[in-house]
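Working notes, structure below.
Derivation of every value follows stated rules applied to the coordinates shown; laboratory data play no part. Nothing here was measured: the structure is a model prediction, and the numbers come from that model.
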Amino acid sequence: MTPSEGVGRGMESVLEMLESLLALGGMVLLRDTVEWEGRSLLKALIKKSALYGEQVHVLGCEVSEEEFREGFDSNINSRLVYHDLFRDPLNWSKTGEALPGGPLEALRALCRRTDPGPVTVALDSLSWLLLHLPCTTLCQALHALSRQDPCPGKQVRVLGLLHEELHGPGPVRALSSLAQAEVTLSGALGQASAHILYRRPRQHPTHQTQWFSILPDFSLDLQGGPLLEPQPQPDPHTPLVDPTNHLTFNLRLSKKEREAKDSLTLPFQFSSEKQQALLRPGPGQATSHIFYEPDAYDDLDQEDPDDDLDI
């Protein structure tokens, strides 16, 4: 393969990854973490949709409009319609710039869109919306948004960014069930990877893993994955080393050592000789006696208390 052919195939793989995510329609769920952020991939998909000539509506909740548009050229920015929920989400300033009705009304307004042709709706992010809306309400709005206008030329594509670590398994599974394509971001050795799950109609779900990096202009650069250090393999011709060699102690006893060990009386063993020595006073040892004088109130019973036990 020549270098030009390798570059050509790499570009085809990049286009195939982005196009396959956008071709299904419906909802594309991007699941990121603190270590592997997903906003850059979201902006790469937005750029690809804008290059298709589609109108892109961005529901911005976590960053300002200026920060979100940064990195896009004028052609891409001209196709972005930014709905700002970041500056004043609850309309406290009463300036009229905030969206009336809050995030739920913003989603409903997107559902009632009148734009002709295909439209891409980017939600940055679903985690922010989950903190302000019940999960069931959000799922119903997303279902209505991604399933509307099934006629040709009126396709709606939803790109949703979800910070997976902020939510329990219930909301994550609920949002996952609505997605036609699900991208889980991770990585290894400083290189990002995307594990993609496709749910195509009347087909079994398929899985794909891509290693990539995001360029400053939000183009995608696919890579071959990190090179893992090879593990050293033992040489079959190398003689094995006996771990018992050169020890400072013996692991086994000789016959004489075993006999000496067995004949030794340990100090905690109470033998008959030791018992007799304790009971029989030695020469020169004083004997002791116990004298007991009963008290007036002592209860002395001359009968055997265990007489009824028939011992």
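At-a-glance table
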read-out: Amide H within-cut-off set for Gly187, under 5 Å, with H built and near neighbours excluded; value: Ser193
read-out: Difference of contour (0.36 nm per residue) and Cα-Cα distance, Glu19 to Ser74; value: 17.6 nm
